[in-house]
Ligand code: HEM
């Protein structure tokens, strides 16, 4: 069978509605070489679960990814940025990954998420106060950015005055993932933000070492304590949580609200039976994931379904496509908040499975509870714009919603 060509995976049109293209890929070309990025795309659930377990592939791809963005260099700032990013669990294989993962799971435990819940409840309430009076809000800039940023800040008990700079650092780190760094000046600014945020986390960890609390930094310190292999990793994990948790949360809150706006019957069901909120969160994660894909690099020549993949080549596993596979879900294109079983791949699979999953589930759940106290939502924008330019993150740039003012 001839391999179809000409899939559009980078335009704004694709990001506005990627699902028809992802379905064509899954049904017509489940292993597809995407020329513009010189990488393979895979879309079938079994292939994705196979990729993350396959020892021919590695998560140690920091050099290739940062090199591809022109972020490597011999100067002090470039070296420090690379040294920090390449140490993250996200870029490790066993045995180092297994050690770091133990630290993450001990520090970022279910009890840490429950410790966070009342804080998140407080901050979602604060985030809708103004909107209630105004009768309109941009869910992205006025709500989900504030909720995502303050949730991460609460995790580490970061003082209010320091939070605006966290927003700037996190936005810069997003440019790194989104490929939005073209000029040398921009690259320098992103590296500076990365190093500044890490320095801040190092200072914070030193303070918590002297006066521990219940926050997640203190929990990471307790998890690292006494294990020489893990010395100094607590600060790196705090940094990684913010780097991995900001844009994903902003987009997931917005995608969930949008999915409900686009499916008024499901929104009505939820208003009538608020107990369905967990189902609504889970279905939104499946149906409109904020992360479209995960990636691995080939470390020794191999094949996927007969397609030759060479050392150094990247494979992007399109989790958003797998989430609409009829083999996994009946009527996968239907948004159904009462769906019983949900084995979606939104948080990945295997050893790198997202440790932030319980936090984001709770965060979106509490966000929805607060937002549902605003009556009769209406979308106040005709066309939504999507900033995404990478194969990874997806969410609208703004989402203006109207409702009767209180
Ligand atoms: C809806 C929101 C989120 C989605 C869809 C998501 C998705 C993912 C996926 C797919 C992976 C696996 C990557 C791979 O296998 O290469 C991952 C890893 C990770 N995520 Fe999330 N994530 C979300 C939110 C968060 C949050 C809020 C945090 C932290 C507070 C977080 C922290 C991490 C970390 C630290 C890793 C690396 C784990 C490792 O390499 O072992 N994520 N995430």
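Cut-off is 10 Å between beta-carbons; in what order do 215, 196, 8 appear when sorted fewest neighbours first?
Details: 215 22, 196 14, 8 10.
Ordered by Cβ neighbours within 10 Å, fewest first: 8, 196, 215.
In plain terms, the chain from residue 305 to residue 202 could stretch by 32.5 nm, reckoned as 0.36 nm per residue minus the Cα-Cα distance. Take the alpha carbon atoms of region 69-91, find their center, do the same for region 100-167, and report the distance between the two centers in whole angstrom. So the two Cα centres are separated by 28 Å.
Quick one: grab the alpha carbon gyration tensor of region 133-236, order the square roots of its eigenvalues as a ≥ b ≥ c, and give me rounded if a/c is under 1.5, else prolate or oblate depending on whether a/b is larger than b/c. Taking the square roots of the gyration eigenvalues as a ≥ b ≥ c, region 133-236 is oblate. Computed from Cα atoms alone, the Kirkwood hydrodynamic radius reported for region 294-393 is 17.4 Å. Taking the square roots of 5 times each eigenvalue of the Cα gyration tensor of region 276-332, largest first, gives ellipsoid semi-axes of 31, 13, 6 Å.
Entry note: region 246-342 has Rg to Rh equal to 1.12, where both radii use alpha-carbon atoms and Rh is the Kirkwood radius. Taking the square roots of 5 times each eigenvalue of the Cα gyration tensor of region 27-87, largest first, gives ellipsoid semi-axes of 30, 15, 7 Å. The relative contact order of region 12-402 comes to 26 percent, based on Cα pairs under 8 Å that sit 6 or more residues apart. One Cα centroid belongs to region 198-259, the other to region 276-316; the line between them spans 25 Å.
In nm², what is the average projected area of the convex hull enclosing the Cα atoms of region 79-166? Before the final figure, lay out each step's value.
Details: hull surface 31.5 nm².
Projected area, direction-averaged: 7.9 nm².
Counting other C-beta atoms within 10 Å, which of 151, 43, 27 has the fewest, and how do the rest follow?
Working: 151 23, 43 27, 27 13.
Ordered from fewest to most neighbouring Cβ atoms within 10 Å, 151, 43, 27 come out as 27, 151, 43.
Tell me the mean residue ellipticity at 222 nm calculated for the chain from its helices only (DSSP H runs of n ≥ 4, each -39500 (n - 2.57), averaged over every residue, nearest 500). Value at 222 nm, helices only: -16500 deg cm²/dmol. Using all pairs of distinct alpha-carbon atoms, the Kirkwood hydrodynamic radius of region 358-406 works out to 13.1 angstrom. Taking 37 °C and 0.692 mPa s as conditions, region 1-134 diffuses translationally at an estimated 168 µm²/s according to Stokes-Einstein applied to its Kirkwood radius (Cα pairs).
Each distinct pair of alpha carbons in region 12-402 adds a 1/r term; the inverse of their mean, the Kirkwood radius, is 21.7 Å.
Using only the Cα atoms of region 231-303, each taken as one equal point scatterer with no solvent, compute I(q) by the Debye sum, divide by I(0), and report log10 of the ratio at q = 0.12, 0.25 Å⁻¹. The Cα Debye sum returns log10 ratios of -0.53, -1.08.
What does DSSP give for region 12-402 in terms of the percent of beta bridges that are antiparallel, rounded to the nearest 5?
On the way: 21 of 25 bridges.
Of all bridge pairs located within region 12-402, approximately 85 percent are antiparallel.
Any read-out appearing in this document is the output of simple, stated calculations on the displayed coordinates, not a laboratory observation. Everything numeric here is computed off the predicted structure, so don't read it as measured data. Using ideal geometry, Cβ is built from the backbone for each residue, glycine included, and neighbour counts are taken over all protein chains shown.
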